[in-house]
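What follows is a set of notes on a single structure, which appears directly below.
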Amino acid sequence: VTPGPCFEDFDLGQVRGGHPPRVLTSGDVALYLAFTGDRTWMVGPDTHQPGPVHPLLLFHLAFGQTVPHVSANARANLGYAEMIWHRPVEVGEAISTDSTVIGLKENRSGKDGIVWVRSRVRVGDDVVLSWVRWVMVRKQGTARTPWFKDPVRPDLAAAVSPTALGTPPRAPSLEGARQRDYAPGDTIDHPARTVVTTAEHRMFTRHALNNAQVHFDETPDRPSLVYGGYVWSMAYAAAYSGFPARTGIAAVNSGQHARPVFAGDTLYAQTRILAVDRLDDGAIRAVRCRLLVGRNQAPDPQGESVVLDLDFWERVAT
Amino acid sequence: VTPGPCFEDFDLGQVRGGHPPRVLTSGDVALYLAFTGDRTWMVGPDTHQPGPVHPLLLFHLAFGQTVPHVSANARANLGYAEMIWHRPVEVGEAISTDSTVIGLKENRSGKDGIVWVRSRVRVGDDVVLSWVRWVMVRKQGTARTPWFKDPVRPDLAAAVSPTALGTPPRAPSLEGARQRDYAPGDTIDHPARTVVTTAEHRMFTRHALNNAQVHFDETPDRPSLVYGGYVWSMAYAAAYSGFPARTGIAAVNSGQHARPVFAGDTLYAQTRILAVDRLDDGAIRAVRCRLLVGRNQAPDPQGESVVLDLDFWERVAT
Amino acid sequence: VTPGPCFEDFDLGQVRGGHPPRVLTSGDVALYLAFTGDRTWMVGPDTHQPGPVHPLLLFHLAFGQTVPHVSANARANLGYAEMIWHRPVEVGEAISTDSTVIGLKENRSGKDGIVWVRSRVRVGDDVVLSWVRWVMVRKQGTARTPWFKDPVRPDLAAAVSPTALGTPPRAPSLEGARQRDYAPGDTIDHPARTVVTTAEHRMFTRHALNNAQVHFDETPDRPSLVYGGYVWSMAYAAAYSGFPARTGIAAVNSGQHARPVFAGDTLYAQTRILAVDRLDDGAIRAVRCRLLVGRNQAPDPQGESVVLDLDFWERVAT
């Protein structure tokens, strides 16, 4: 058993935390750019500050803060919902993350159970990002824990309401990055293919403070298993080509890492437009997207190639 | 067609820009050091600031700002001239880059043309770096554009005058890094050999915001094509061994990426001294160098191995 | 001969230095985290500053400052002793390093000799880190230097006294990172295995300003030789699993890189508890550890697999 909580350690309503705050630095920003090449963050700073931190960089570093109190003994990361970036975070701000237990369900095997948590990332007293995730966590023992006979599953929204989206960062002024139009049903294939190298995915994963040994172990016959967050970030960076006016992911309605990715694999990304939310004057406020990532081939939702299936709201500058 | 200008979009005298400013950070400096190991920037700071940014790091990050308004649809990067670093730039300063169209020539094929631009990098109102480059840009259509019947080629200096060189950074005080003497005709072989790994050249290229897909695509049979700027920086770092007292490249008289480099190649660097510019008291002000880089063998200007041929002024501390 | 001192250039009592100060930045911290994943430094900052720099990052960057004045012409790095981190160093502080010659012994071959130096790392007037190391340095000529007939070997402590340890950084508050108990004779096998990739060890080494060509040269038959400091840092990061409450290495009693490591090797780490130093109330002040690293197998002190053997004091939060 790794240091950290087992299934028996979680109680409904419990607030778990304790990771020291982490200051977001210009070193983190430079590394994220080197890892992903994602140009979304290049929003024009008015001052000599490096400006807002990429929403996914914020997510990864906050996620790392929850591993010791949520998922150190996880068997699988099952899903995400109700993830909202409430306001942009700037270089120099320090984040702290805690997690409230909102659901528990013991598995029939008696060896593990599912834990639902709502994690909140704060800068001072401001909640800047929050999400629900559920993970399968192993038990310390195998005797049934009687008080789990009535499992508690939280009510989760099928999608975040576009009116609940947070403050967008300042709009980019990049020439040529004008808003295009989007319509439900559109499919955008992103030309960037990402070949995963061992060195890059490991550095990305360590930087996010994710130290699960499975991402580092390898043998001549079995390459290392890639952290799902790396796949997420690389696919999102590839999707820039379809959204040159985007200001950054604003909310995740649901997300699943459907299949594993290994060092040496090539990632293919495709976006499907699910909905377009417009202001009264017809201008686009947000676009609901489904980002599909295929392993070693284009993603086919009916086939076996999909490794990531992400339903999210994208903000685009008007 | 990639978002960005085609040949028809360029007009003589036009000023193109629009990329948001980019603040140079200590994260950028640390990454450049990890990528290249170039110790030139280690000039002694008087204060607790990280000090001046390496001139080539400044160049790469500024070059990335010109891609959307100059070369997003380029077929080839043909050459450089009149590149001058006017003054050192410090960590924390924000750069903005625009480009003035100074030459246009449609190609006979009707499919593309050559565009000459003078790009200027500014910190506030100061021009801190400027250069001329010419690129072959594809056309949107193939019908001849009549007003290009008289091509305009700019007059370019064969070399930057040493009296036009900018302010050098503070001199290094590294023990043992004393000035040696240089004489025209001297040849210096640099012992450092650089094997290009996929992970390193891709991270370097992404960090510079160069997202040309050709640098990332690879198949088992065809490794990825390396960004010319990576070759430039790695060869310049290797050349440190011949110029331990250098304060950094001051001007580029001409530069060509003569042949492609691929991941897995080994780079060999050699410097030839072209001229030595002296002050009235005989002290060296600047050394004019020709940096030749060979692919998988020592560079031979008469042979097929040269991948980079760079004619530049180097400042050395006295 | 590389620029830098040969054996004849060292005199007893001489103070050598001259490297420009290096400011420790948040870029350095982010890179060290990406390279090693070492979470020791995540001590809770009270303010919005990134906080103390990892003691081994401080060591590597300071060590790099001594290469030009100590070991540019070294044949081998023979050992360390009396290494003490006197106080934590924060991001934004600038370090300068000099070295006093405290021992000299010419080798019988007449081709080289052993130099003992005590290096001191300063922030302003504060000595923040110091160590003794001895290296074999080649001679410029082969004629015996008569005044070396009486070799001078410094008296070195077998171990640093626990009462001489410096100020620890603020204690981590990571949940679950409570102090366990340690007893002399305990052996802790660390589950993390580190496969060394070319890209990662080279970037680490360049970032530390170690430009010894042997770490970069490779052929299809012979992978590059890994900088000993990389092995040290990766093994120390792996050892975190046994010391979740550690506040960072406090002193090195002795250290040897017993055998070479090459790109592609896998590192195995094990800690043996040598002694436990307690305060009057029985609380642990420091734990004396022996960190053994094996190449491609678990380390066996009687066998041929040990590549690093490090005897040091570890501070753990109470």
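Can you name every residue in the range C:8-37 that is assigned to a helix (DSSP H, G or I) and more than 7 Å from chain B (Cβ to nearest Cβ)? Step through it out loud before you land on a result.
Looking only at the range C:8-37, we keep the residues that are assigned to a helix (DSSP H, G or I), and these are C:8-9, C:26-36.
Residues satisfying the conditions are C:8, C:9, C:29, C:32, C:33, C:34, C:35, C:36.
Residue by residue through the range A:247-286, note down the ones that are of a type in the set (Val, Ile, Thr) and in contact with a Lys or Arg (Cβ under 9 Å, 6 or more places away or on another chain).
A:247, A:249, A:261, A:266, A:271, A:273, A:276, A:284
Taking the range B:187-207 as the region of interest, how many residues are hydrophobic (A, V, I, L, M, F, W, C) and within 9 Å of chain A (Cβ to nearest Cβ)?
Here is the first cut: in the range B:187-207, the ones hydrophobic (A, V, I, L, M, F, W, C) are B:188, B:192, B:195-196, B:199, B:203-204.
Subset that is within 9 Å of chain A (Cβ to nearest Cβ): B:199, B:203-204.
Selection size over the range B:187-207: 3.
Within the range A:50-97, which residues are farther than 16 Å from residue A:233 by Cα and part of a helix (DSSP H, G or I)?
Hits for the range A:50-97 are A:65, A:66, A:67, A:68, A:69, A:70, A:71.
So which of C:46, C:9, C:112 ends up being more than 21 Å from residue C:155 (Cα to Cα) and at pLDDT below 90?
C:46
Go through the residues of the range C:53-68 one by one and say whether even a single one is modelled with pLDDT under 90 and surrounded by fewer than 21 Cβ atoms within 10 Å (Cβ to Cβ).
Among the residues of the range C:53-68, at least one is modelled with pLDDT under 90 and surrounded by fewer than 21 Cβ atoms within 10 Å (Cβ to Cβ), which makes the answer yes.
If you check residue A:127 against the conditions, is it open to solvent by less than 10 Å² (accessible area, probe 1.4 Å), more than 14 Å from chain B (Cβ to nearest Cβ) and at pLDDT 95 or above?
On the way: open to solvent by less than 10 Å² (accessible area, probe 1.4 Å): no; more than 14 Å from chain B (Cβ to nearest Cβ): yes; at pLDDT 95 or above: yes.
Against the criterion (open to solvent by less than 10 Å² (accessible area, probe 1.4 Å), more than 14 Å from chain B (Cβ to nearest Cβ) and at pLDDT 95 or above), residue A:127 does not qualify.
Quick check on this structure: which one of A:79, A:113 is over 16 Å from residue A:252 (Cβ atoms) and either under 20 Å from the mean Cα position of the chain (by Cα) or crowded, with 19+ Cβ neighbours inside 10 Å (or both)? Walk me through how you get there before you give the answer.
On the way: A:79 fails: over 16 Å from residue A:252 (Cβ atoms).
Of A:79, A:113, the one residue that is over 16 Å from residue A:252 (Cβ atoms) and either under 20 Å from the mean Cα position of the chain (by Cα) or crowded, with 19+ Cβ neighbours inside 10 Å (or both) is A:113.
Please find, among B:278, B:315, B:288, B:295, the residue that is of a type in the set (Lys, Arg), at pLDDT 95 or above and under 20 Å from residue B:161 (Cα atoms). Break it down stepwise before answering.
Details: B:278 fails: at pLDDT 95 or above; B:315 fails: at pLDDT 95 or above; B:295 fails: under 20 Å from residue B:161 (Cα atoms).
Criteria check complete, one pass: B:288.
Among C:239, C:245, which is at pLDDT below 90 and either more than 14 Å from chain B (Cβ to nearest Cβ) or farther than 23 Å from residue B:31 by Cβ (or both)?
C:245
For the range A:205-242, give me each residue that is more than 15 Å from residue A:261 (Cα to Cα), assigned to a loop (DSSP other than H, G, I, E, B) and open to solvent by less than 10 Å² (accessible area, probe 1.4 Å).
Within the range A:205-242, A:208, A:209 meet the criteria.
Return the residue satisfying two criteria in turn: it lies in the range B:87-102 and is among the hydrophobic types (A, V, I, L, M, F, W, C) and touching a strand residue (DSSP E or B) at 6+ places or on another chain (Cβ under 7 Å), and of such residues it is surrounded by the most Cβ atoms within 10 Å (Cβ to Cβ).
Out of the qualifying residues, it is B:89.
Residue C:189 - would you say it is farther than 19 Å from residue C:257 by Cα, loosely packed, with under 12 Cβ neighbours inside 10 Å and at pLDDT 90 or above?
no
For residue C:202, which of the numbered conditions (1) modelled with pLDDT of 95 or more; (2) under 30 Å from residue C:126 (Cα atoms); (3) open to solvent by less than 60 Å² (accessible area, probe 1.4 Å) fails to hold?
Just one mismatch for residue C:202, condition (2).
Out of curiosity, is residue C:163 in a strand (DSSP E or B) and either over 21 Å from the mean Cα position of the chain (by Cα) or at pLDDT below 95 (or both)?
When the stated conditions are applied, residue C:163 does not pass them.
Against the definition (at pLDDT below 90, buried (at least 21 other Cβ atoms within 10 Å of the Cβ) and more than 8 Å from every other protein chain (Cβ to nearest Cβ)), how does residue B:40 come out, yes or no? Break it down stepwise before answering.
Numbers: at pLDDT below 90: yes; buried (at least 21 other Cβ atoms within 10 Å of the Cβ): yes; more than 8 Å from every other protein chain (Cβ to nearest Cβ): yes.
So residue B:40 passes the test.
Please go through the range C:276-304 and give me each residue that is small (Gly, Ala, Ser) and either farther than 22 Å from residue C:158 by Cα or open to solvent by 30 Å² or more (accessible area, probe 1.4 Å) (or both), ordered by number.
Once the filter is applied, which keeps residues that are small (Gly, Ala, Ser) and either farther than 22 Å from residue C:158 by Cα or open to solvent by 30 Å² or more (accessible area, probe 1.4 Å) (or both), the range C:276-304 yields C:282, C:283, C:294, C:298, C:303.
Can you pull out the residues in the range C:211-223 that are more than 8 Å from chain B (Cβ to nearest Cβ) and either in contact with a Phe, Trp or Tyr (Cβ under 8 Å, 6 or more places away or on another chain) or not aliphatic (A, V, I, L, M) (or both)?
Scanning the range C:211-223 gives C:212, C:215, C:219, C:220, C:221, C:222, C:223.
Quick one: would you say residue A:259 is touching a residue at least 12 places away in the same chain (Cβ under 8 Å), within 19 Å of the chain's Cα centre (by Cα) and assigned to a loop (DSSP other than H, G, I, E, B)?
yes
Do any residues in the range A:115-141 that are in contact (Cβ under 8 Å) with a residue 12 or more places away in the chain have Cβ atoms under 6 Å from those of residues that are polar (S, T, N, Q) and assigned to a loop (DSSP other than H, G, I, E, B), where the two are at least six apart or on different chains, and which pairs are they?
Note: pairs meeting the criteria are A:137/A:73; A:138/A:73.
Looking at (1) more than 8 Å from every other protein chain (Cβ to nearest Cβ); (2) surrounded by fewer than 21 Cβ atoms within 10 Å (Cβ to Cβ), which one does residue C:72 not meet, given that it meets all the others?
Evaluating residue C:72 over (1) more than 8 Å from every other protein chain (Cβ to nearest Cβ); (2) surrounded by fewer than 21 Cβ atoms within 10 Å (Cβ to Cβ) leaves (1) as the failure.
The values are calculated or read from the model by the stated rules, or taken from the named source; none is laboratory data. Everything quoted here is computed from the prediction, not taken from an experiment. Note that each Cβ is placed from the backbone with ideal geometry, even for glycine, and that neighbours are counted across all protein chains shown. In case anyone asks, the SASA skips ligands and DNA or RNA and just uses the protein heavy atoms, side chains included. Shrake-Rupley method; radii C 1.70, N 1.55, O 1.52, S 1.80 Å.
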